[in-house]
Every structure is written in C-alpha cells, then in structure tokens.
Amino acid sequence: MIIPGLASQAVAASLATETGRDLMPVTRRQFPDGERLVELEADPGTAPIIVASTVSSAAHMDLLLLQDAAREAGATELTTVIPYLGYARQDTDFADGQPVSVRAIARAIAPGTDRVLTVNPHETDVLEYFDVPSRAVSVAGELAEALSADLLDPVFLGPDEGARALAHHVRDAYGRGTADHLEKTRHSDRAVEIAPSDTAVADRDVVLVDDIISTGGTMCEAANVLDDRGANELIVTCVHPMLAEDAYVRLRREGVRAIYGTDTIERTVSVVSAAPAIAESLESS
Ligand code: R5P
C-alpha cells in the first residue's frame, strides 16, 4: 500500500501505478488550535510505503503522523520515501548559534520508519543523519525527457560547481551538447553573483540545470549573464521546483523560455515524474 503525504499526491499516485500497489485514501483535518489529524481509510498492511515530500512544516508534521498511524495499524516494515527532503541545504551550522537543521529533521523522521529513500538531496552526506538504512536516487537524467529534440547546439550548465554533475547527467541523457558550470557567489538568501565560464554560449541554446530552484535568484542571475553573452534560447531545469513566491514570473521576465522540474515538489512545471526511478530503487532493495 502506498500512503500519500499531504504534498505528494501526484508522485504517490504515480508510484502506486509504477509498483502495482494500491493507493491509500487518507482523511485529514485540522483542529481549531491548528493541530492536525490524519486517518488511514484502509488497512496499510505490514509493509506500506509512505511518500511524503517535506515541503512545509505542515507536510513534515503530516509525515510524522502518517508514520505513527501506519505503525498503530500494524506496519512492521515501513518505508518512508521523501521525494524532496526539506531543510537539506542547512546541512551545517553556518554561524554560531545555528542548528544543523537537516539533522534535526532526520532525527524526527528516522524513529518512525525502517528505511528512508530520498531523491537528489542537496548533499548525499545528509543521509548519515538518518539512524536507519537510507539511500538517494537521482532523477537528473530524466530531466532530459522534457527537452525538445531540436535544441540548437545545446550547452548544459550548472549555475555553480555543486550542480556540475547534474548538468553532465542531463547532457548525457539528452545525447548531445557540451556541459560545464558557472561560478556562483552567494551574498544573502536572495542575492547571488554569477561569473560566466569560458564555455561559448553565443547563438547556442542553453539548458541551466540545478537541484532546486527556490527564490529563483540563482537562475535569474545566470540567465542574465548568459543573455549578455549572446545565448539563444534559455531553458531552466531542476529536480525540485520549489519556486517560492514569484520565482516563476521573475524567471520568465528574465527571458527564460521554459522551466521544467520533477514532481518531487508538485508545481505546474513538474512535467517529469520521479516515480519510475523511485520504483526501480525500491524494487532493487
Ligand atoms: C544551492 O547550492 C542550490 O543548489 C541552489 O542553487 C539554490 O539553493 C537555489 O536557490 P535560489 O533559487 O533561492 O537561488
């Protein structure tokens, strides 16, 4: 049985189809004081799979409640799939007095499950914070499925060195073009500076690839630099399309022709499903 989390209805349904499992109906309500309640409307069996991206505090709390409900209903082999692991970017204390937020999140989730599977976490090292077997699957290559087959002499660029491997994966999956990365300096939550690489982009279609678009600041700055250097069409892809606030509009105003992401976070740009890769990883474990 697949148990869908609050913010993961579509990816859970796709995973149910991929794995031939049933999809659990869940009712939810909120008490007047804001506390939440979930109710599983069918027998989860002994080995259910919860699919829950922790995109918000509500979604995170929903996951913890689903885990407990599944245990109460008799689950002895519970798998928790977290397509998007929130707080993963705070994987160290960047200043005195700060938490290692993703460690706190992992410590809350791990006791309620027998194993964890997530998709393209910001750094795979964060898996060490789960005190149960955990693994990550990459769906970067699948992003190529969204791209038009006739891109003009394409170049695949990560906006920073951390996204270099993702850009190469998408290029390899697409089957032609070059891959490289830009240099990013972050000045604040929203302000970044991007330095161009030596890669020639003039009159070429550029596919920017990152793990997540949050405020869109990184991709907007990259788009701006690439436009100045004469890039033809700009296409932006990411695994986790958070697209906080007006990120989508800001990217389009920056001249980005198309934005594609996966359903680890369910947005209008989520045209690629992570479910097949998750299913394959589950079947092989
Ligand atoms: C940071 O290293 C990440 O890979 C992303 O580049 C970053 O988190 C994107 O954030 P934003 O969209 O707010 O610039």
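The values are calculated or read from the model by the stated rules, or taken from the named source; none is laboratory data. All values reported here derive from a predicted model rather than from experimental measurement. Because the Cβ atoms are built from the backbone with ideal geometry, glycine has one as well, and the counts that use them run over all protein chains shown. Please note that ligands, DNA and RNA were not included when accessible areas were found on the heavy atoms of the full protein model with its side chains. Shrake-Rupley method; radii C 1.70, N 1.55, O 1.52, S 1.80 Å.
List of remarks:
- Reported count of residues in region 1-25, each being part of a strand (DSSP E or B) and open to solvent by 30 Å² or more (accessible area, probe 1.4 Å), is 1.
- Of residues in region 108-152 being closer than 22 Å to residue 270 by Cα, open to solvent by less than 20 Å² (accessible area, probe 1.4 Å) and part of a helix (DSSP H, G or I), the one nearest to the ligand (Cβ to nearest atom): 143
- Residue match in region 190-207 (condition: within 10 Å of the ligand (Cβ to nearest atom), touching a Gly at 6+ places or on another chain (Cβ under 8 Å) and either open to solvent by 40 Å² or more (accessible area, probe 1.4 Å) or without any contact (Cβ under 8 Å) to a residue 24 or more places away in the chain (or both)): yes
- Failed condition for residue 167, given (1) more than 15 Å from the ligand (Cβ to nearest atom); (2) at pLDDT 95 or above; (3) open to solvent by less than 60 Å² (accessible area, probe 1.4 Å): (1)
- Among residues of region 26-60 being touching a Phe, Trp or Tyr at 6+ places or on another chain (Cβ under 8 Å) and outside any strand (DSSP E or B), the one that is nearest to residue 278 (Cα to Cα) is 53.
- Check on residue 155, open to solvent by less than 10 Å² (accessible area, probe 1.4 Å), under 16 Å from residue 212 (Cα atoms) and modelled with pLDDT of 95 or more: no
- For region 31-63, filtering for residues that are more than 24 Å from residue 267 (Cα to Cα) and exposed (fewer than 15 other Cβ atoms within 10 Å of the Cβ) leaves 12.
- Residue pairs whose Cβ atoms lie under 9 Å apart, separated by 6 or more positions or on different chains, with the first residue in region 17-34 and under 24 Å from residue 45 (Cβ atoms) and the second among the basic types (Lys, Arg) and loosely packed, with under 15 Cβ neighbours inside 10 Å, are 28/36.
- Filter pass, residue 249 being within 16 Å of the ligand (Cβ to nearest atom) and free of Cβ contacts under 8 Å to residues at least 24 places away in the same chain: yes
- Residue list for region 71-94, filter: under 14 Å from residue 130 (Cα atoms) and not in a loop (DSSP other than H, G, I, E, B): 79, 80, 81, 82
- Some residue of region 231-245 being more than 12 Å from the ligand (Cβ to nearest atom), open to solvent by less than 30 Å² (accessible area, probe 1.4 Å), at pLDDT 95 or above and under 20 Å from the mean Cα position of the chain (by Cα): yes
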